[in-house]
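Heads up: the structure comes next, in structure tokens.
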Amino acid sequence: MNKLTKVSLITSLLVGLSFSVNANDVIPTDISATLERNLAAQMQEMMQVAQQELSLSLQAQLSESLFETMEQSVAVADSEAADQEVVITSALVK
């Protein structure tokens with residue numbers, strides 16, 4: 001082989017190795033960037049789900065509290081109405 005062939009072969013080998021080294025450096029960077037994006041998207045989705053679950057839980061608790069309050073109010077009103085009926089009935093009987 002002549003000298004020009006050897007030089008071009010070595011040059012092409014060095015260029016190939018240089019691209020290979022750059023590619024190896026880029027691959028971990030791309031992987032870590034992709035992982036960061038995926039983790040951020042998953043965290044955002046988890047936060048949205050947690051907010052929805054919290055909102056639904058608070059709505060359920062509020063509904064239960066209002067229902068219990070309404071039941072108590074109805075029971076008190078019924079009791080008062082029954083007391084008034086007893087008084088009226090006893091007045092009519094006498």
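The values are calculated or read from the model by the stated rules, or taken from the named source; none is laboratory data. Remember, predicted model here, so these are calculated numbers, not experimental data. So basically every Cβ, Gly included, is an ideal-geometry build from the backbone, and we count neighbours across all protein chains shown. Please note that ligands, DNA and RNA were not included when accessible areas were found on the heavy atoms of the full protein model with its side chains. Shrake-Rupley method; radii C 1.70, N 1.55, O 1.52, S 1.80 Å.
Results, tabulated for the structure shown:
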quantity: Probe 1.4 Å - accessible area at M47, Å² to nearest ten; calculated: 110
quantity: Nitroxide proxy distance, nm - points 7 Å out along Cα→Cβ at A75 and L62; calculated: 2.5
